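No value in this document is a laboratory result; all are computed from the given coordinates. Quick caveat: nothing in here was measured; it's all calculated off a predicted structure. So basically every Cβ, Gly included, is an ideal-geometry build from the backbone, and we count neighbours across all protein chains shown.
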């Protein structure tokens with residue numbers, strides 16, 4: 001159940017849209033979204049919406065949010081490069097979909113940078129695969145819920161506190177399906193591109209990792225500095241080093 005304090009922060013950002021007198025869309029926004037557009041950072045106002053049952057109020061939507069698996073119906077894919085099944089040295093990126101960062105170029109996170117830099121690293125290495133995990137939006141809470149979390153972050157909560165305030169875990173992602181696909185495509189060990197120890201643990205459980213992993217930090221700015229620091233301090237992410245590891 002979402003607390004009254006959180007509801008007070010969110011309800012004025014939520015509106016119900018009616019059709020023929022019936023409320024069937026919940027609109028959330030605006031969320032401030034700084035976006036990298038060519039050489040400039042441009043600030044947009046971002047909205048999301050969710051189809052809901054008739055007679056639901058915005059408060060009903062909030063209270064049921066953490067019990068509704070909004071991310072489950074999207075499909076994932078994998079982008080393979082080189083002789084993935086036979087080469088000894090393969091790089092892997094388990095990349096969680098980020099609608100705002102991957103598509104719009106949002107500066108509130110580093111996801112778009114990580115996506116494209118991982119692809120460059122895989123090509124430079126000569127072999128690898130990028131798993132694009134479409135049910136991982138917002139660390140598994142879904143796009144609509146992520147927009148609400150962003151509003152709470154604008155009100156002063158950090159990314160972990162915002163997920164908790166909405167009734168979610170800090171990180172709801174599961175890697176089992178992606179790992180099952182990986183084992184079908186390749187039996188040899190892989191090197192994982194990640195800052196996230198939970199991803200490392202998931203692959204280690206299946207005995208798939210080589211002895212090393214590659215951290216990937218970059219695109220740190222005034223817009224995402226607190227977000228990235230919180231992932232290190234509260235989610236256990238491997239800290240950024242002065243000299244980031246890259247594949248030449």
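Annotations
- For the range 99-216, pairs of C-alpha atoms spaced more than 19 angstrom apart make up 53 percent of the total.
- Highest GNM mean-square fluctuation among 188, 40, 13, for the chain modelled with Cα contacts below 10 Å: 40.
- Among 55, 199, 19, residue whose mean-square fluctuation peaks in a GNM of the chain (springs only between Cα atoms under 10 Å): 19
- Residue-normalised convex hull volume from the C-alpha trace of the range 19-155: 136 Å³ per residue.
- For the range 178-233 and the range 1-69, distance of Cα centres in Å: 31 Å
- Cα radius of gyration and Dmax for the chain (Å): 19.2, 62
- Rg and Dmax [Cα atoms of the range 136-197; Å; Rg one decimal, Dmax integer]: 15.2, 47
- Modelled FRET efficiency - R0 22 Å, residue 74 with residue 205, Cβ distances, 0.05 increments: 0.35
- Highest mean packing comes first when the peptides 111-120, 216-225 are listed by Cβ atoms within 10 Å, giving 111-120, 216-225.
- Coarse-grained scattering of the range 84-132 at q = 0.17, 0.20, 0.22, 0.27 Å⁻¹, given as base-10 log I(q)/I(0) from a Debye sum over alpha-carbon atoms: -0.51, -0.64, -0.73, -0.93
- Using C-alpha pairs below 8 Å separated by at least 6 residues, the relative contact order for the range 90-248 is 28 percent.
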